[in-house]
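What follows is calculated from the coordinates using simple rules that are stated; it is not laboratory data. On a predicted model such as this, the values are computed, not experimentally measured, just so you know. Reconstructed Cβ throughout: ideal geometry from the backbone, glycine too, with neighbour counts over all protein chains shown.
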Amino acid sequence: MKKTTIERNSKETSISLELEQLTAAEAGSFTGSCQIGFFDHMLTAFCVHGHFRMNLTMKGDLEVDQHHSLEDLGIVLGQALRNVLFDDVPRVRYGCALIPMDEALARCVIDLSGRPYLVNQVSFSTPFIGGFESCMFQEFFYALCMHAGITLHLKLEYGLNDHHKAEAAFKAFAHALSDASQPKSGAVLSTKGLLDS
């Protein structure tokens, strides 16, 4: 499997992210921090359930708010996923997962198409989940999709607790992405013979 390192430095954030895709038999892990405890928890869930090894060193202008930090993290993680997943190895391409977290149920459907698109139907009832600004869920995934070149549909089927909603969605994303990114034999799965870039 492939490994990549992405760095992004601006007046608002400084990010260094190492990402390695593991085999389905290997346990994923997350080290480092984005400086937002709840979001570190979500990144850990993504890595464990998606079979990725990630190390993140990050500093952002959190004294302003979380927008710059989490949007830029979405950009960097998207670039890293593109480097890891779009190579010369044909992939299954499509992935779908329906994941429960107690009373919450989230669905994720992914197309590793090379064409970025996000449909997000996950909403929250509170402005904060722990210290995480819940409005940034949309911004993070939008930036990730635009820079990874993936089509992503996220839907919360139902749920009451915002922590459970977010965690179910991140785990669904991880499982769908893991399934879609598995190598396959034969040609690229496209009637055009290639994926759009």
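Odds and ends about this structure:
- Distance from the stretch 15-76 to the stretch 146-166 (C-alpha centre basis), Å: 16 Å
- When peptides 89-99, 146-156 are ranked by their average number of other Cβ atoms within 10 Å per residue, the highest-first order is 146-156, 89-99.
- A crude spin-label estimate for the pair Gln35 and Arg8, with each label 7 Å from Cα along the Cβ direction, gives 1.5 nm.
- Note on the chain: antiparallel DSSP beta bridges, both residues inside, total approximately 75 percent of the bridges counted.
- Average silhouette area of the chain, convex hull of alpha-carbon atoms, in square nanometres: 10.4 nm²
- Student exercise, the chain dipole from Lys, Arg, Asp, Glu Cβ charges, in Debye to nearest 20: 760 debye
- A full extension of the chain between Asp65 and Gln121 corresponds to an added length of 17.8 nm, given 0.36 nm per residue minus the alpha carbon distance.
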